[in-house]
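Chemist: Take this structure first; my questions come after.
Nothing in this text is a laboratory measurement; each read-out follows from the coordinates by a stated rule. Values in this document were obtained by computation on a predicted structure and should not be read as measured data. Positions of Cβ are backbone-derived with ideal geometry, glycine not excepted, and every protein chain shown enters the neighbour counts.
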Amino acid sequence: SESRCPIPLRPSATRSAGWPPGSPPTKKPVIEPSEGFEVAGQTELDLPPVFTTVPTKKKIVFLTIDDGAEKDPRFLRMMNELRIPYTAFLADAEVRPRYAYFKKAQRLGVTLNNHTLHHRYLPGLSYARQKREICGMQNVIEKHYGKRPTLFRPPFGDYDRTTLKAAKACGIEHAPIWNAEAFPDRMEHRAWDRSLHPGDIVLTHFRGRKDWKGTMPDMVRTFMKYVTDKGYAVARLEDYL
């Protein structure tokens, strides 16, 4: 609900909590696959790296939002008013037919990236079908939003070497996944210490009360309170790639 707000709703009020995250780096960090997320032939084939964290010493994290099922106008207003950067990974099956919602997000500065056409488990598909899922979504994003993405997130975070070969063939350069996940009522972590680390990528979804115990604005409040209480700020992922 709108009344349960542990962070202020005015951009100026966030500055005392480590906000904003500072200028983007003039020299981009070298992005390599996170340990345990490499595939055979990763280096030889120059495949897009799968990574959960961006190498940095700054106390920043990156918010990423998947699929596109929920299209809450309050969320767009809130993120714009608070100037919270985030990166979207869209699946066409969830986005259509309301492409206009994400066009508005794009006008507000959000980069729209690839999460496949139908959000299928890719390792179970042939190279041709994986390429169709990824390149097909490249075509959709270019048609509706004017630019082919260079970022791709495999559905469920599941992939194999074939996935990355297909992604590369479709023009993908990076395949960020996540190290933490945000919900309206909690945070979950992949790391053993169940905490944030500099450069962590945080996942959440375009979801609402049908799937969650709350709304997308509720999720933002929970996430921002958790992040700022730990002294972190939210940076724009694309600025570091």
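Chemist: Can you give the Rg/Rh ratio of the chain, where Rg is from the C-alpha atoms and Rh is the Kirkwood radius? Present the calculation step by step, with values, prior to reporting the outcome.
Modeler: Numbers: Rg = 17.3 Å, Rh = 18.2 Å.
Taking Rh as the inverse mean 1/r over Cα pairs, Rg/Rh reads 0.95.
Chemist: Report the far tail of the P(r) of region 86-146, meaning the percent of Cα-Cα pairs longer than 19 Å. Can you show the working numbers first?
Modeler: On the way: 510 of 1830 pairs.
Here the tail beyond 19 Å accounts for 28 percent of pairs.
Chemist: Could I ask something else about it? Given a cut-off of under 8 Å on Cα pairs at least six residues apart, what relative contact order in percent is computed for the chain?
Modeler: Details: 462 pairs, mean separation 75.0, N = 241.
So the answer I get is 31 percent.
Chemist: If packing is taken as the mean number of other Cβ atoms within 10 Å per residue, what is the order of 189-195, 176-182, 62-68, 116-122, highest first?
Modeler: Details: 189-195: 11.4, 176-182: 22.4, 62-68: 24.6, 116-122: 19.0.
Highest mean packing first, the order is 62-68, 176-182, 116-122, 189-195.
Chemist: Turning to a different aspect of this structure: Helix 216-229 versus the longest principal axis of the chain: what angle, 0 to 90°, nearest 10, using Cα atoms?
Modeler: 80
Chemist: What does a probe at Glu173 reach in region 202-241, counting residues whose amide N is under 14 Å from the point 7 Å along Cα→Cβ?
Modeler: The answer is 237-241.
Chemist: Here's something else I'd like to know. Working out 0.36 nm times the residue gap between His118 and Lys57, then minus their Cα-Cα distance, what length gain in nm do you get to one decimal?
Modeler: Details: separation 61, 0.36 × 61 = 21.96 nm, distance 3.66 nm.
Separation in residues times 0.36 nm, less the Cα-Cα distance, equals 18.3 nm.
Chemist: Let me know the shape class of region 16-79, please: from the alpha-carbon gyration tensor, a ≥ b ≥ c as square roots of the eigenvalues, rounded when a/c is under 1.5, otherwise prolate if a/b is greater than b/c, or oblate. Provide the component values of the computation, followed by the final result.
Modeler: Numbers: a/c = 3.02, a/b = 1.45, b/c = 2.09.
The shape class here is oblate.
Chemist: Please work out how much length the chain gains when fully extended from Ala93 to Phe156, using 0.36 nm per residue of separation minus the C-alpha to C-alpha distance, in nm with one decimal.
Modeler: 21.2 nm
Chemist: With the crude spin-label approximation of a point 7 Å out along Cα→Cβ, what separation in nm comes out for Trp192 versus Ser23?
Modeler: 3.8
Chemist: Which listed residue (Thr222, Gly146, Gly157) has the Cα farthest towards the positive end of the charge dipole for region 145-241, taking +1 on Lys and Arg C-beta and -1 on Asp and Glu C-beta about the Cα centre?
Modeler: So the residue we want is Gly146.
Chemist: Projected area of region 171-229, taken from the Cα convex hull and averaged over every viewing direction, in nm²? Write out the running numbers ahead of the final one.
Modeler: On the way: hull surface 20.8 nm².
Projected area, direction-averaged: 5.2 nm².
Chemist: Which loop GluC sites (Glu not before Pro) in region 14-98, with loop taken from DSSP, have no more than 16 other Cβ atoms within 10 angstrom of their Cβ? Could you put the intermediate results ahead of the total?
Modeler: Working: sites: Glu35, Glu38, Glu44, Glu70, Glu81, Glu94; in loops: Glu35, Glu38, Glu44, Glu70.
Here the sparse-neighbourhood loop sites are Glu35, Glu38, Glu44.
Chemist: Continuing with this model, one more query. Looking at region 50-112, which trypsin sites (Lys or Arg not before Pro) are DSSP coil and have at most 14 other C-beta atoms within 10 Å of their C-beta?
Modeler: On the way: sites: Lys57, Lys58, Lys59, Lys71, Arg74, Arg77, Arg83, Arg98, Lys103, Lys104, Arg107; in loops: Lys57, Lys58, Lys59, Lys71, Arg83, Arg98.
Filter output for region 50-112: Lys57, Arg83, Arg98.
Chemist: A 19 angstrom limit on the alpha carbon distance is what I want to check against. Which of Lys104/Lys143; Lys71/Lys225; Lys71/Lys213; Lys103/Lys143 exceed it? Each step should come with its number before you reach the end.
Modeler: Details: Lys104/Lys143 15 Å; Lys71/Lys225 23 Å; Lys71/Lys213 17 Å; Lys103/Lys143 11 Å.
Distance filter (> 19 Å) returns Lys71/Lys225.
Chemist: How long is the gain from Lys147 to Glu44 if the chain were fully straight, where each residue apart is worth 0.36 nm and the alpha carbon distance is subtracted? Could you put the intermediate results ahead of the total?
Modeler: Numbers: separation 103, 0.36 × 103 = 37.08 nm, distance 2.84 nm.
Extra length from Lys147 to Glu44 when fully extended: 34.2 nm.
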